[in-house]
Amino acid sequence: NKPWKKLKTVLKYSPFVVSFRKHYPWVQLSGHSGNFQAGEDGWILKRFCQYEQHSLEQLMRDPLRPFVPAYYGMVQRDGQTFNQMEDLLADFENPSIMDCKMGSR
């Protein structure tokens, strides 16, 4: 049901050669060190923040839902609390991404 999954399916069955790998070596390239950890089954763990948890819960009921990672609640690991969410890059071999921030200061 997600637009990016539909695009992946179209690309997979297109005349172009595209290969998708289920798991890739997960490396945190940006953000504060230790804020992210690889989860299981295509999930990532982000260090717990109550405000972010509230936002993620609201997004699960929002019209923007198809365009944001699925949120799976909190999880404890190694004595720390994390928000658990879908890793949108899990099915891609060499993803190229751009992180855009919107808002005002």
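The values are calculated or read from the model by the stated rules, or taken from the named source; none is laboratory data. In this text, all values refer to a predicted model and were calculated from it rather than measured experimentally. Here Cβ is always computed from backbone atoms with ideal geometry, including for glycine, and neighbour counts include all displayed protein chains. The accessibility values were calculated without ligands, DNA or RNA, using every heavy atom of the protein model including side chains. Shrake-Rupley method; radii C 1.70, N 1.55, O 1.52, S 1.80 Å.
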Inset, instruction - Starting from the range 83-105, keep only residues that are over 29 Å from GLN50 (Cα atoms), then list their pairs with residues that are in a loop (DSSP other than H, G, I, E, B) whose Cβ atoms are within a distance under 7 Å, requiring at least 6 positions of separation or different chains. - result: PHE92/PHE20; GLU93/SER19; GLU93/PHE20; GLU93/ARG21; GLU93/TYR24; PRO95/LEU89
Legend entry - Counted residues, the range 22-80 - those being modelled with pLDDT of 90 or more and on the phi > 0 side of the Ramachandran plot: 2
Inset, instruction - Within the range 76-105, work out how many residues are in a loop (DSSP other than H, G, I, E, B) and open to solvent by 100 Å² or more (accessible area, probe 1.4 Å). - result: 10
